[in-house]
Amino acid sequence: MRTIRMEEMSWPDVRAAIAAGFSTAVVAVGSTEQHGPHLPTMTDTRIGDATAHRFALKLGNALQARTIPVGVSEHHLAFGATISLKPETLKLIVRDYVDSLVRDGFERIVFLPSHGGNFGPLAEAIADARQAHPEVEIAGYTDLLGVTGFLQRTAAELGISEEACGAHAGDDETSMMMALEPGLVVAGRFEPGYLGPLGEDEVRVIFAEGMPALTENGVLGDPRNATAEKGEVYLERLASFLVEQVR
């Protein structure tokens, strides 16, 4: 099969793939929001799309549905250059995705959020979708601190501190974007942002008061030692981690 990306396939190709056993659809849920002074607003969507693609290939017998490019990003609006959905809007989009993919004949649908604000609404949407379609397996990885913790552990193996890895435009995301879209990364603007702890309390502050409550430049972490080589490691390990968790 030439591609597993549904947007690159014709309807007969998709139908034939499902009939041949490609009965799982994988959907990344990204965002369009500020990512500090050095990364494009497409960062979460681009990383999510790449992760979902690797995830689907590793999982096997899966097609990749079109990535959702906008998410719940109200906490980034103070910086501008951000488009945000209300949580209920994202949940409706997920519902429509599920209804469409179920009608296509998929037996399993997996959602992978790549932006922090999407995790909570997506968990609720998945629960609703399971009730609406009990005959279909609907899954997703919706543990925000679980994925940030995994990336920080990966960073430590690469010689990067948890604080520098961060959770937004720090070492991990900057490295991944250098691997995926080097022409969109402005290395001359690399600067550290918030370098304190990132646990449940800090996440609550961000969602309640907005990113400026912790960071003046929109960065959580330090991108100054980011490399494309590390980006490939982050991407591969993240995809493998998500496959293990969802399985």
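The requirement of being closer than 30 Å to Leu184 by Cβ, in contact (Cβ under 8 Å) with a residue 12 or more places away in the chain and surrounded by fewer than 22 Cβ atoms within 10 Å (Cβ to Cβ) is not satisfied by His35. Out of all the residues in region 75-89, is one or more more than 16 Å from the chain's Cα centre (by Cα) and acidic (Asp, Glu)? Yes, the conditions are met somewhere in region 75-89.
If you check Ala16 against the conditions, is it of a type outside the set (D, E, K, R), surrounded by 19 or more Cβ atoms within 10 Å (Cβ to Cβ) and either under 25 Å from Glu232 (Cα atoms) or more than 12 Å from the chain's Cα centre (by Cα) (or both)? So that I can check it myself, show each step before the final result.
Working: of a type outside the set (D, E, K, R): yes; surrounded by 19 or more Cβ atoms within 10 Å (Cβ to Cβ): no; either under 25 Å from Glu232 (Cα atoms) or more than 12 Å from the chain's Cα centre (by Cα) (or both): yes.
In short, no.
Only residues that are of a type in the set (S, T, N, Q) and part of a strand (DSSP E or B): list them for region 80-95, please.
Restricting attention to region 80-95, the residues satisfying the condition of being of a type in the set (S, T, N, Q) are 82, 84, 89.
Matches in region 80-95: Ser84 only.
Give the residues of region 141-171 that are among the aromatic types (Phe, Trp, Tyr) and not in a helix (DSSP H, G or I), sorted by residue number.
Going through region 141-171, the residues among the aromatic types (Phe, Trp, Tyr) turn out to be 141, 150.
Listed by number, the list holds a single entry, Tyr141.
Quick grid of which residues meet (1) part of a helix (DSSP H, G or I); (2) within 18 Å of Ala25 (Cα to Cα); (3) free of Cβ contacts under 8 Å to residues at least 12 places away in the same chain:
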{"site": "Ala78", "(1), (2), (3)": "yes, no, no"}
{"site": "Tyr97", "(1), (2), (3)": "yes, yes, no"}
{"site": "Arg103", "(1), (2), (3)": "yes, yes, yes"}
{"site": "Val110", "(1), (2), (3)": "no, yes, no"}
{"site": "Gly117", "(1), (2), (3)": "yes, no, no"}
{"site": "Glu124", "(1), (2), (3)": "yes, no, no"}
{"site": "Ala139", "(1), (2), (3)": "no, yes, no"}
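Evaluate region 189-206: report whether one residue or more is in a loop (DSSP other than H, G, I, E, B) and basic (Lys, Arg). No: zero hits. Please determine whether any residue of region 45-54 is more than 15 Å from the chain's Cα centre (by Cα) and at pLDDT 95 or above. No, every residue in region 45-54 fails to be more than 15 Å from the chain's Cα centre (by Cα) and at pLDDT 95 or above.
Can you name every residue in region 63-79 that is more than 12 Å from Asn118 (Cα to Cα) and either crowded, with 22+ Cβ neighbours inside 10 Å or touching a Cys at 6+ places or on another chain (Cβ under 6 Å) (or both)?
At the first step, the residues of region 63-79 found to be more than 12 Å from Asn118 (Cα to Cα) are 63-67, 76-79.
Matches in region 63-79: Leu63, Gln64, Ala65, Thr67, His76.
Selection of region 141-175 for residues being crowded, with 18+ Cβ neighbours inside 10 Å and among the polar types (S, T, N, Q) yields Thr142, Thr148, Gln152, Thr154, Thr174, Ser175. Selection over region 173-186 of residues that are assigned to a helix (DSSP H, G or I) and over 19 Å from His76 (Cα atoms) gives a count of 9.
For Gly218, state whether it is closer than 17 Å to His35 by Cβ and either among the small types (Gly, Ala, Ser) or free of Cβ contacts under 8 Å to residues at least 60 places away in the same chain (or both).
Answer is yes for this residue.
Scanning region 78-114 for residues that are more than 17 Å from Ala139 (Cα to Cα) and in contact with a Ser or Thr (Cβ under 6 Å, 6 or more places away or on another chain) yields Ala81, Thr82, Ile83, Ser84. Quick one: in region 112-127, of everything that is small (Gly, Ala, Ser) and surrounded by fewer than 24 Cβ atoms within 10 Å (Cβ to Cβ), which residue is farthest from the chain's Cα centre (by Cα)? My answer is Ala127.
The values are calculated or read from the model by the stated rules, or taken from the named source; none is laboratory data. From a predicted model like this one, the values you see are computed outputs, not experimental measurements. Every residue, glycine among them, receives a Cβ derived from its backbone with ideal geometry; neighbour counts consider all protein chains shown.
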